[in-house]
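Colleague: Let me give you the structure first, and then I'll get to my questions.
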Ligand code: ZN
């Protein structure tokens, strides 16, 4: 498995607009793109930090995974995403090692990245996302 870097850190927020008061106005991070991923019932905003990014996640529905997360744990860090060279190889290797996966095959996430989530039960409580982007 080849992990290249921390691609982004996902943060669950009630409102991207409201939380931008802190992330943009106070910390000075710029929002480069905002996108709704209907399938995941989420709107995402990316704020580059050096070679990585902060991803703000706002639910588009009370039934979405981000809304459920906030209901249980409140706003805060929701997942960490590692950029990998080859996500198919990674998933194969993880399956061979008996690691429980949420996504058996990659799906398309924000920005057109191919992504897959590992189950937090297999990662000592951290929701881990693997992410492969075009041009790596
Ligand atoms: Zn993410």
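Colleague: Would you be able to tell me the number of residues in region 64-76 that are loosely packed, with under 13 Cβ neighbours inside 10 Å and either farther than 21 Å from residue 17 by Cβ or within 15 Å of the chain's Cα centre (by Cα) (or both)?
Modeller: Taking region 64-76 first, the residues loosely packed, with under 13 Cβ neighbours inside 10 Å are 71-74, 76.
Checking the rest, the ones that are also either farther than 21 Å from residue 17 by Cβ or within 15 Å of the chain's Cα centre (by Cα) (or both) come to 72-73, 76.
Here the count works out to 3.
Colleague: Next question, about the same structure. Determine whether residue 35 is exposed (fewer than 14 other Cβ atoms within 10 Å of the Cβ), in a strand (DSSP E or B) and touching a helix residue (DSSP H, G or I) at 6+ places or on another chain (Cβ under 7 Å). Give the derivation first.
Modeller: Numbers: exposed (fewer than 14 other Cβ atoms within 10 Å of the Cβ): yes; in a strand (DSSP E or B): yes; touching a helix residue (DSSP H, G or I) at 6+ places or on another chain (Cβ under 7 Å): yes.
Answer is yes for this residue.
Colleague: A further question follows. How about region 52-63: which of its residues are within 16 Å of the ligand (Cβ to nearest atom) and surrounded by fewer than 19 Cβ atoms within 10 Å (Cβ to Cβ)?
Modeller: Of everything in region 52-63, those that are within 16 Å of the ligand (Cβ to nearest atom) and surrounded by fewer than 19 Cβ atoms within 10 Å (Cβ to Cβ) turn out to be 52, 54, 60.
Colleague: Select from region 12-32 the residues that are touching a helix residue (DSSP H, G or I) at 6+ places or on another chain (Cβ under 8 Å) and surrounded by 17 or more Cβ atoms within 10 Å (Cβ to Cβ) and write down the one among them that is farthest from residue 80 (Cα to Cα). Reasoning before the result, please.
Modeller: Let us first name the residues in region 12-32 that are touching a helix residue (DSSP H, G or I) at 6+ places or on another chain (Cβ under 8 Å), namely 12-14, 29-31.
Those left that are additionally surrounded by 17 or more Cβ atoms within 10 Å (Cβ to Cβ): 12-13, 29.
Working: 12: 12, 13: 15, 29: 18 Å.
Checked region 12-32; the qualifying residue farthest from residue 80 (Cα to Cα) is 29.
Colleague: Considering each of 99, 87 in turn, give the residue that is surrounded by 18 or more Cβ atoms within 10 Å (Cβ to Cβ) and over 15 Å from residue 10 (Cβ atoms).
Modeller: Working: 99 fails: surrounded by 18 or more Cβ atoms within 10 Å (Cβ to Cβ).
Among 99, 87, only 87 is surrounded by 18 or more Cβ atoms within 10 Å (Cβ to Cβ) and over 15 Å from residue 10 (Cβ atoms).
Colleague: Out of all the residues in region 3-18, is one or more in contact (Cβ under 8 Å) with a residue 24 or more places away in the chain, assigned to a helix (DSSP H, G or I) and within 25 Å of residue 122 (Cα to Cα)? Give the steps one after another, and end with the answer.
Modeller: Step one: filter region 3-18 for residues in contact (Cβ under 8 Å) with a residue 24 or more places away in the chain, giving 3-16.
Filter once more, so that each one left must be assigned to a helix (DSSP H, G or I): 16.
Going one step further and asking which of them are within 25 Å of residue 122 (Cα to Cα), we end up with none.
No, there is no match, as no residue in region 3-18 is in contact (Cβ under 8 Å) with a residue 24 or more places away in the chain, assigned to a helix (DSSP H, G or I) and within 25 Å of residue 122 (Cα to Cα).
Colleague: OK, next. Please tell me if residue 112 is farther than 17 Å from residue 3 by Cβ, within 15 Å of the ligand (Cβ to nearest atom) and in contact with a helix residue (DSSP H, G or I) (Cβ under 9 Å, 6 or more places away or on another chain).
Modeller: On the way: farther than 17 Å from residue 3 by Cβ: yes; within 15 Å of the ligand (Cβ to nearest atom): yes; in contact with a helix residue (DSSP H, G or I) (Cβ under 9 Å, 6 or more places away or on another chain): no.
No; evaluated as a whole, the condition is false for this residue.
Colleague: If I ask for residues that are more than 12 Å from the ligand (Cβ to nearest atom), in contact with a strand residue (DSSP E or B) (Cβ under 9 Å, 6 or more places away or on another chain) and outside any helix (DSSP H, G or I), which ones from region 77-102 would you list? Steps first, answer last, please.
Modeller: Filtering region 77-102 down to residues more than 12 Å from the ligand (Cβ to nearest atom) leaves 84-102.
Right, trim to in contact with a strand residue (DSSP E or B) (Cβ under 9 Å, 6 or more places away or on another chain) and you get 84-88, 90-91, 94-95, 99-102.
Those that are more than 12 Å from the ligand (Cβ to nearest atom), in contact with a strand residue (DSSP E or B) (Cβ under 9 Å, 6 or more places away or on another chain) and outside any helix (DSSP H, G or I): 84, 85, 86, 99, 100, 101, 102.
Colleague: List the number of the failed condition for residue 48; all other conditions in (1) closer than 25 Å to residue 20 by Cα; (2) assigned to a strand (DSSP E or B); (3) within 13 Å of the ligand (Cβ to nearest atom) hold.
Modeller: (3)
Colleague: I want to confirm something. Restricting to region 121-136 and keeping residues that are within 14 Å of the ligand (Cβ to nearest atom) and closer than 15 Å to residue 78 by Cα, which single residue is surrounded by the fewest Cβ atoms within 10 Å (Cβ to Cβ)?
Modeller: Within region 121-136, the first condition is being within 14 Å of the ligand (Cβ to nearest atom), and the residues that meet it are 126-133.
Still in the running and closer than 15 Å to residue 78 by Cα: 126-130.
Values: 126: 12, 127: 18, 128: 20, 129: 24, 130: 25.
Here the residue is 126.
The numbers here are math on the coordinates, done by the rules we state, and not lab data. In this text, all values refer to a predicted model and were calculated from it rather than measured experimentally. Neighbour counts run over all protein chains shown; Cβ positions are idealised from the backbone, glycine included.
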